[in-house]
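S.K.: Would you mind keeping the following structure in view while I ask a few things?
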Amino acid sequence: MRPVRARIARALLAGLMIAAPGASQHLFLLALDIEQFANARVREIMMSHGWFQTVKSDAPHFTYLGRKESELPELGLRREVINGQRFWFPNLD
């Protein structure tokens, strides 16, 4: 990954950036905010349909990745468990 892209990815993960107007994943139906995000059963259902938590600073945010969880590392994502919730982030190592 290029250095600039890596810095942007790190800033996004840290919650330091938001989407530019008109560029939100929500507008393209690639993201949903789930009120019941703390419910483990709800998270399991979402993940079984390809929706994953991807923004550490926005726990209700689920991004549609359309893959099985077992496939995510092959896509360059790494899992991090925070307060019992599994988040998937770009692997920048």
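S.K.: So, in nm, how far is label Ile82 from label Gln36 when the simple model puts each one 7 Å beyond its Cα toward the Cβ?
M.R.: 2.3 nm
S.K.: Using alpha-carbon pairs under 8 Å, 6+ residues apart, how would you state the relative contact order of the stretch 47-93 in percent?
M.R.: For the stretch 47-93, the relative contact order is 33 percent.
S.K.: Once phi is turned into θ = phi - 60°, what whole-Hz ³J(HN,Hα) does the Karplus curve with 6.51, -1.76 and 1.60 give for every residue of the stretch 62-75, x standing for Gly and Pro?
M.R.: For the stretch 62-75, the Karplus curve yields 10, 10, 7, 10, x, 10, 6, 4, 5, 8, 4, x, 5, 8 Hz.
S.K.: If packing is taken as the average number of other Cβ atoms within 10 Å across a peptide's residues, how do 41-48, 69-76 rank, most packed first?
M.R.: By packing density, highest mean first, the sequence is 41-48, 69-76.
Where a number appears in this text, it was derived from the coordinates with a stated rule and is not lab data. Since we're looking at a predicted model, the values are computed, not measured. Neighbour counts run over all protein chains shown; Cβ positions are idealised from the backbone, glycine included.
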